[in-house]
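> Could you have a look at this structure, given as structure tokens, before my questions?
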Number of protein chains: 2
Amino acid sequence: MKSFHIAIVLLFTGISVSGQNQYINDSLTIRKIYDMSLLNGKSYQWLDHLSNEIGGRLSGSYNAQQAVEYTKSELEELGLDKVWLQPVMVPKWTRGEREFAYVQTGPGVTRNVNITALGGSIATPSGGTKAQVIEVQGLEQLAEYGRENIEGKIVFYNRPMRADLIHTFEAYGGCVDQRYSGAEEAAKYGAVGVIVRSMNLRLDDFPHTGSMSYGDTPVEKRIPAAAISTNDAEYLSSILKIKKDLELYFKLNCEQHEDVESYNVIGEITGSEYPEEIMVVGGHLDSWDLGDGAHDDGAGVVQSMEVLRLFKEIGYKPKRTIRVVLFMNEENGLRGGNKYADVAKSKNEDHVFALESDSGGFTPRGFSITASDAQYSKILDWKKLFEPYLIHYFGRGGGGADIGPLKGGDIVLAGLRPDSQRYFDYHHASNDTFEHVNKRELELGAATMTSLMYLVDKYGLDNISNETVEMPD
Amino acid sequence: MKSFHIAIVLLFTGISVSGQNQYINDSLTIRKIYDMSLLNGKSYQWLDHLSNEIGGRLSGSYNAQQAVEYTKSELEELGLDKVWLQPVMVPKWTRGEREFAYVQTGPGVTRNVNITALGGSIATPSGGTKAQVIEVQGLEQLAEYGRENIEGKIVFYNRPMRADLIHTFEAYGGCVDQRYSGAEEAAKYGAVGVIVRSMNLRLDDFPHTGSMSYGDTPVEKRIPAAAISTNDAEYLSSILKIKKDLELYFKLNCEQHEDVESYNVIGEITGSEYPEEIMVVGGHLDSWDLGDGAHDDGAGVVQSMEVLRLFKEIGYKPKRTIRVVLFMNEENGLRGGNKYADVAKSKNEDHVFALESDSGGFTPRGFSITASDAQYSKILDWKKLFEPYLIHYFGRGGGGADIGPLKGGDIVLAGLRPDSQRYFDYHHASNDTFEHVNKRELELGAATMTSLMYLVDKYGLDNISNETVEMPD
């Protein structure tokens, strides 16, 4: 019945019979992919294990190693042609005892505020740090205030994410410099610590961690840095307006250790016609330690594994080599992504396509694509095949952090774009947990990724390819 | 800067200067609408009150009356041209004491299961109903089993929603006959009660209520009907496979009362040029009693109110009359929708457009539209204006239950289509609460509705209109 309906539609579109047949075949294959993912998917079960049996998977931790072993073993179960671990040295940073902070609102009167150490921060002195607070709206405001107003104080970066931006990742991009470079810059003006408003569009009580860097700040000049929940950022800002000499106390117990060995987990189905052409699909296996890393990036990990499982289940044998790569250390180093690209280069491997899922397990809306005009236009020809699944967005640019180092030559990079409105409610916070991932949304994402991988495998994206795809308008 | 960018884009599209100016003006107005909704919206605050200060608003209840008074007073605050209550008699059904059910798994051994009375059901006898259970996959299977297998038993309707359907409302449509007519049909075969699998795609412990009807079943032949949670439906089904004579006990305490007077709440901005042409935007003020009715349909109510507020805030004076209608009794009678249409007809009012929001407060994806080909094609010309807001879906058909009775003549009916994947996780269940509505998603929906209302008001949708809209391809 399904193919009958499609045929009827095509009768009136005026494309050739072979084009029609091709379109029908692709429609049916994609329908099979979605059916399998929604009716007999495994991604949610894998995510349950990663989130609830293992939990947060910070690089270098016991949990991260558990995740390496679990996913390797699950990939082996799929009967792929190869499964292996790719060693990579990763940073090891530990949070230590839970952080603590309060503001001194009056003599002997304090109010606790919710903070969390930024990843990579040094600890405060063992007695904590207590100092006056100066609020700024961003790095550039430090120069305005100058050393005379900043020295000896805690700098409070409070520029919020812009609520009017529809793509929430743009709003994140517009704020994250405060988190990443806030301590490095404030130290130059003699600040003794940094508190950063959480990268969260919602007002709530969860502080959101994330990576930060001291740049080339000498060890003895480094200052501790923490994120504060959005509710407490609002509170702190409001009380600073009436009490300029307000003092904040905070104590961080984190520690940077020597690098340790960890792994990218890799599995592959070797291509039947062009085994030397490699297509990568992946997400990152590490996560922050506060929640379970269910959205970031447990979702991307299990969706990427599911791509290969769905190919096996529907009996599709790819012409090109399909490799799932579960990258280690995206969050605080990108060592896994860099290592994978280094090894690929040293082996002279031919990577033609890479697809990353690292934007949460929400309803998929489409893809962002880094490609030449010709390649992009070929992908746009497939849009119609995705419409029944409400996949409409095919934007240019980006792809993902872990596949970024593969860039160069003719490779096309793509990133799954799920609905982003809720993502920063959970991102890097203790509420990034399994129950906030919806099974159907996760499965729709996996099927959407698999469908794109199928089309790229079938038709190729070579810039000089002569294969053409005929699609109805 | 924004208009500059848009102008640059248009320079190369080859449409006329006046078309370009029109497009730029519309783009800027729509941008203002979204900015106002996201940066200075009121919908979320209104929903907080409806959900947390008032709560579930079943027709004829004290809460429903509170909601009438609250929304009327809030509409009055907006400085509209008119605000009034439209009286309507509504059914009054009360749940009574909480329902209770167990299965008898062995002598003296029972296990409780989560049920909830269907709206409109009669109570069980005061001692409850206990009987053997027969599982069926739908109404049509009753005839297969026949009276000899059904008489004296409880019929358990267990056909699940289809997970492979991308539009979850289609999956709902494919199951809801079990809930609506299950008791009426089972009574014909001598069943003593009905248990229906909850209309929920997720496996969880929440039973989902909803409307049911006894049709013309005489009062003495009516049997009680309840929904069971999906987890317990799975459990019941699995245990029935090993224990055919399993007995289930359930007790419902609900009661149908005499109809009572309630109200549609209506506010309007009178049109400046064509005041006799009326455009309606609305949602339903009543809800089920289990949760707060935050998604169903608190979201639609506050989004509809927000449409008029946003027009006022951005200083847009509609040419046509814009009316917000908060319908009473959508859930178990549609009396408000019918009354509104009846009064409109009796007054010979000219309704040209109606937009309903009754599919939850999730990220908006587009609209479903009931219109002539010419009208639909005119709406499609506006698609490009919505793309920056990730609004891509403009499907045909539908609109909404409450505006349905307005159908006829040249009126165009439209329904907001939010992302539907999570909707049935909450629909008619006790977890349909405020915290499951995301502020941004709600606000994006309100802005999307306002933008469509703006375009329809500005350009009209008259079938014989000579106004043309020039848009870039």
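The values are calculated or read from the model by the stated rules, or taken from the named source; none is laboratory data. A quick note: this is a predicted structure, and the numbers were derived from the prediction, not measured. Every residue, glycine as well, gets a Cβ built from its backbone with ideal geometry; the counts of neighbours run over all protein chains shown. The protein model used for the area step is the full one, side chains on, heavy atoms only, and it has no ligands, DNA or RNA in it. Shrake-Rupley method; radii C 1.70, N 1.55, O 1.52, S 1.80 Å.
> Would you be able to tell me the number of residues in the stretch A:180-200 that are surrounded by 23 or more Cβ atoms within 10 Å (Cβ to Cβ) and touching a Ser or Thr at 6+ places or on another chain (Cβ under 8 Å)?
Matching residues across the stretch A:180-200 total 5.
> Just wondering, is there one or more residues in the stretch B:445-466 that are closer than 23 Å to A:Leu442 by Cα and touching a Phe, Trp or Tyr at 6+ places or on another chain (Cβ under 7 Å)?
Checked against the condition, which is being closer than 23 Å to A:Leu442 by Cα and touching a Phe, Trp or Tyr at 6+ places or on another chain (Cβ under 7 Å), the stretch B:445-466 yields no hits at all.
> Something else now. Of the residues B:Glu97, B:Glu74, B:Glu144, only one is at pLDDT 95 or above and over 30 Å from B:Gly336 (Cα atoms); which? Walk me through how you get there before you give the answer.
Values: B:Glu97 fails: over 30 Å from B:Gly336 (Cα atoms); B:Glu74 fails: over 30 Å from B:Gly336 (Cα atoms).
Step by step, each of B:Glu97, B:Glu74, B:Glu144 is checked, and only B:Glu144 is at pLDDT 95 or above and over 30 Å from B:Gly336 (Cα atoms).
> Before we move on, is B:Thr110 outside the structural domain of B:Ala401 (by TED's automatic domain parsing), open to solvent by 40 Å² or more (accessible area, probe 1.4 Å), hydroxyl-bearing (Ser, Thr, Tyr) and in contact with a Phe, Trp or Tyr (Cβ under 6 Å, 6 or more places away or on another chain)?
On the way: outside the structural domain of B:Ala401 (by TED's automatic domain parsing): yes; open to solvent by 40 Å² or more (accessible area, probe 1.4 Å): yes; hydroxyl-bearing (Ser, Thr, Tyr): yes; in contact with a Phe, Trp or Tyr (Cβ under 6 Å, 6 or more places away or on another chain): yes.
Considered against the rule, which asks whether it is outside the structural domain of B:Ala401 (by TED's automatic domain parsing), open to solvent by 40 Å² or more (accessible area, probe 1.4 Å), hydroxyl-bearing (Ser, Thr, Tyr) and in contact with a Phe, Trp or Tyr (Cβ under 6 Å, 6 or more places away or on another chain), B:Thr110 comes out as yes.
> Since B:His351 meets every condition but one in (1) under 21 Å from A:Thr168 (Cβ atoms); (2) assigned to a strand (DSSP E or B), which condition does it not meet?
Against the list (1) under 21 Å from A:Thr168 (Cβ atoms); (2) assigned to a strand (DSSP E or B), B:His351 comes up short only on (1).
> Further question: Just a yes or no: is a residue in the stretch B:264-284 in a helix (DSSP H, G or I), charged (D, E, K, R) and over 24 Å from B:Ala123 (Cα atoms)?
Taking the stretch B:264-284 and keeping what is in a helix (DSSP H, G or I), we get none.
Within the stretch B:264-284, not a single residue is in a helix (DSSP H, G or I), charged (D, E, K, R) and over 24 Å from B:Ala123 (Cα atoms).
> Could you list, in sequence order, the residues of the stretch A:391-408 that are at negative phi and either among the β-branched types (Val, Ile, Thr) or open to solvent by less than 20 Å² (accessible area, probe 1.4 Å) (or both)?
A:Ile391, A:Phe394, A:Gly395, A:Asp402, A:Ile403
> Considering only residues of the stretch A:407-433 that are touching a Gly at 6+ places or on another chain (Cβ under 8 Å) and not in a loop (DSSP other than H, G, I, E, B), which is farthest from the other protein chains (Cβ to nearest Cβ)?
The qualifying residue farthest from the other protein chains (Cβ to nearest Cβ) is A:Leu413.
> I'm told A:Arg202 meets every condition in (1) within 14 Å of chain B (Cβ to nearest Cβ); (2) closer than 26 Å to A:Ile122 by Cα; (3) touching a helix residue (DSSP H, G or I) at 6+ places or on another chain (Cβ under 8 Å) except one. Can you identify the failing condition by its number?
(2)
> Quick test of your reading of the structure: B:Gly146 fulfils all but one of (1) on the phi < 0 side of the Ramachandran plot; (2) touching a residue at least 24 places away in the same chain (Cβ under 8 Å). Name the failing condition by number.
B:Gly146 satisfies all of (1) on the phi < 0 side of the Ramachandran plot; (2) touching a residue at least 24 places away in the same chain (Cβ under 8 Å) except (1).
> For the stretch A:123-164, which residues satisfy the criterion of being among the aliphatic types (A, V, I, L, M) and surrounded by fewer than 16 Cβ atoms within 10 Å (Cβ to Cβ)?
Of the residues in the stretch A:123-164, the ones among the aliphatic types (A, V, I, L, M) are A:123, A:131, A:133-134, A:136, A:139, A:142-143, A:150, A:154-155, A:161, A:163.
Hit for the stretch A:123-164 is A:Ala143, nothing else.
> Just name the residue that is least open to solvent (accessible area, probe 1.4 Å) out of those in the stretch A:165-175 that are away from every other protein chain (no Cβ under 11 Å) and in contact (Cβ under 8 Å) with a residue 60 or more places away in the chain.
Restricting attention to the stretch A:165-175, the residues satisfying the condition of being away from every other protein chain (no Cβ under 11 Å) are A:169-170, A:172-175.
Pick out the ones that are also in contact (Cβ under 8 Å) with a residue 60 or more places away in the chain and you get A:169, A:172.
Numbers: A:Phe169: 61, A:Tyr172: 37 Å².
It comes out as A:Tyr172.
> Still on this structure, I have one more. Got a number for residues in the stretch A:297-334 being under 20 Å from A:Gly41 (Cα atoms), surrounded by 24 or more Cβ atoms within 10 Å (Cβ to Cβ) and of a type in the set (Asp, Glu)?
Result for the stretch A:297-334: 2.
> While we're here: Pull up the stretch A:367-387, narrow it to residues that are assigned to a loop (DSSP other than H, G, I, E, B) and either open to solvent by 30 Å² or more (accessible area, probe 1.4 Å) or of a type outside the set (Phe, Trp, Tyr) (or both), then point me to the one that is nearest to A:Leu452 (Cα to Cα).
Taking the stretch A:367-387 and keeping what is assigned to a loop (DSSP other than H, G, I, E, B), we get A:371-372, A:381-382.
Filter once more, so that each one left must be either open to solvent by 30 Å² or more (accessible area, probe 1.4 Å) or of a type outside the set (Phe, Trp, Tyr) (or both): A:371-372, A:381.
Values: A:Ala371: 14, A:Ser372: 17, A:Asp381: 12 Å.
Here the residue is A:Asp381.
> Tell me yes or no: at least one residue of the stretch B:308-319 is free of Cβ contacts under 8 Å to residues at least 24 places away in the same chain, over 13 Å from the mean Cα position of the chain (by Cα) and assigned to a loop (DSSP other than H, G, I, E, B). Steps first, please.
Step one: filter the stretch B:308-319 for residues free of Cβ contacts under 8 Å to residues at least 24 places away in the same chain, giving B:315.
From what's left, over 13 Å from the mean Cα position of the chain (by Cα): B:315.
Subset that is assigned to a loop (DSSP other than H, G, I, E, B): B:315.
Within the stretch B:308-319 (the criterion being free of Cβ contacts under 8 Å to residues at least 24 places away in the same chain, over 13 Å from the mean Cα position of the chain (by Cα) and assigned to a loop (DSSP other than H, G, I, E, B)), the answer is yes, since at least one residue qualifies.
> Another question, then. Answer yes or no as to whether B:Arg57 is within 14 Å of chain A (Cβ to nearest Cβ), basic (Lys, Arg) and within 30 Å of A:Ala163 (Cβ to Cβ).
Details: within 14 Å of chain A (Cβ to nearest Cβ): no; basic (Lys, Arg): yes; within 30 Å of A:Ala163 (Cβ to Cβ): yes.
Answer is no for this residue.
> Sticking with this structure for a sec: Of the residues that sit in the stretch A:337-371 and are in contact with a Leu (Cβ under 9 Å, 6 or more places away or on another chain) and hydroxyl-bearing (Ser, Thr, Tyr), which one is nearest to the other protein chains (Cβ to nearest Cβ)?
Ranking the candidates gives A:Thr363 first.
> Within the stretch B:429-440, restricting attention to residues that are open to solvent by 10 Å² or more (accessible area, probe 1.4 Å) and not polar (S, T, N, Q), which residue is nearest to B:Arg162 (Cα to Cα)?
Checked the stretch B:429-440; the qualifying residue nearest to B:Arg162 (Cα to Cα) is B:His436.
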